[in-house]
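The next block holds one structure in the form of structure tokens; read it before the comments.
What follows draws every value from the coordinates through simple rules; no lab data is involved. A quick note: this is a predicted structure, and the numbers were derived from the prediction, not measured. In this analysis, Cβ positions are derived from the backbone assuming ideal geometry, glycine residues included, and neighbour counts consider all displayed protein chains.
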Amino acid sequence: MGSEGTADRLDHVFAIVLAGGKGERFWPLSTGTEPKAFLRLVGDESLLQATVRRARSFLPWQQILVIGGRAHAGLVREQVPELPDGNLLLEPVGRDTAAAIGLASLQLERIDPEAVMVVLPADHHVPDVGAFVAVLRRGLRLVGLRPSWAVTIGIPPTRPETGYGYLEVGEALPEPSGAFRVRGFSEKPDARTAERLLRGGRHYWNGGIFLWRLATIQHLLSRFMPAEWEGLCRIRSAWGDNAVLEREFEGFRRLSIDYGVLERMEGAVAMVPADFAWDDLGSWDALARVLPAQEDGNVIVGDVRSLDTSGSVIVSTGRQVATVGVSGMIVVASKDGVLVCQRGRSQEVRRVTGETR
């Protein structure tokens, strides 16, 4: 497959939208019945709808697949009714991104064995769609030039974030301009390490946006996750048999594609830097970055009354919230509960909800 055909024609390019996350750090709005991807946190669209809209800006409906939990099939259909029937894949249980991408690859090979996958998490906030697509096209060109490699989009860090993974860039690649070989990956760092990575200038946030040929990712799964790949092959052989799908998925490890595959590839990973605004909306603190603040620094959503309140994020759905004399707080009220925490600590919310990823 030539590089021009990959980047410009898009005939074989498919977006895989991952909508299976729990979003437990957005409790009490994000719950088991309505996870974060289906919430309208920024504007009138849900995060899933915004992600699909970005994919639709450069691909037809037939080249967009959504993968999510079986329990949320109705939500996907309600929010994305135009999605073709065969393009919604349902996981019986959540097993993180490696299993989800593997399952999507099985459906994709049935549609187009020459496919190139663009993996898009459904919980990102990207306001500039044009810039986003331009970067993806550069990534697709890189896939065409290095067809056995994995390509990721690196997000230039703007703060010492401890809630993201990082990737370290190595030497610059000759084409396309600005692309780099990835030297290594770092898990979510502590505050001191995050400060050092930010100052060093060689690390980018790992946003979880990946591009690769279908044949490449299936080969990598078979090489680095052989037990899971054998299970996927059994699913392939019994395609449409829910009993086989459930049995195999239950036995899969909970592994991200980063940990299960990319971190073990020893140099065959490339990075294209993003030049668009981006946030993964990982916790309530993110709303202060993406929504306008009032003069007192408060970010207010819903029916809220405040007195002598500053620098806080206050969200209400279905009930009135009042605050008096507080500063630097996060207050969220919904029908499922009430959250009160200091700003800067909302990454810890899932520690008190009793949920795990």
Check your understanding: Which percent, nearest 5, of DSSP beta bridges in the chain are antiparallel?
Key -> 45 percent
**Study point:** Approximate spin-label separation Glu171-Thr193, in nm, with each point projected 7 Å along Cα-to-Cβ
**Key:** 2.8 nm
Revision key, fill the gap. Final fewest-first order of Phe276, Phe185 on the 10 Å Cβ neighbour count is Phe276, Phe185
Review point. Taking the Cα-to-Cβ direction at Ala268 and at Leu307 and moving 7 Å from each Cα, how far apart do the two end points lie in nm?
Key: 6.6 nm
Review point. Which of the following values of semi-axes √(5λ) of the Cα gyration tensor in Å was calculated from the structure shown: (1) 39, 24, 19; (2) 26, 25, 21; (3) 34, 24, 19?
Key: (3)
Exercise for review: Kindly give the semi-axes, whole Å and largest first, of the ellipsoid equivalent to segment 124-228, taking each as the square root of 5 times a Cα gyration tensor eigenvalue.
Suggested key: 24, 19, 14
Revision key, fill the gap. Out of Pro147, Ala100, Met265 - ranked by how far each Cα lies towards the positive end of the dipole of the chain, with unit charges on the beta-carbon of charged residues - the top one is Met265
Review point. Between segment 88-157 and segment 172-206, what is the C-alpha centre distance in whole Å?
Key: 20 Å
Point to revise | Bridge type composition, segment 285-353 - antiparallel percent by DSSP, nearest 5 | key: 35 percent
Point to revise | Dipole magnitude (debye, nearest 20) for segment 254-357, charges at Cβ of Lys, Arg, Asp, Glu | key: 420 debye
**Study point:** Two-decimal Rg to Rh for segment 285-353 - Kirkwood Rh, Cα set
**Key:** 0.93
Revision key, fill the gap. The exposure ranking of Ser30, Ser186, Ser237, fewest beta-carbon neighbours within 10 Å first, is Ser237, Ser186, Ser30
Study note, to complete from the structure: Semi-axes (Å, rounded, descending) of the ellipsoid equivalent to segment 155-196 per its C-alpha gyration tensor are 24, 10, 8
Point to revise | Per-residue [θ]222 nm for the chain (sum of -39500 (n - 2.57) over DSSP H runs n ≥ 4, rounded to 500) | key: -8500 deg cm²/dmol
Review point. How about Lys22: which lysines have a C-alpha closer than 17 Å to its C-alpha, ignoring those fewer than 8 places off in the same chain?
Key: Lys36
Practice item. Arrange Val13, Val93, Val42 by Cβ neighbour counts within 10 Å, fewest through most, would you? Key: Val93, Val42, Val13
Exercise for review: Multiply the residue gap between Glu34 and Arg319 by 0.36 nm, knock off their C-alpha separation, and tell me the result in nm, one decimal place.
Suggested key: 100.8 nm
Practice item. Let me have the relative contact order for the chain, percent, based on Cα pairs under 8 Å that are six or more residues apart. Key: 20 percent
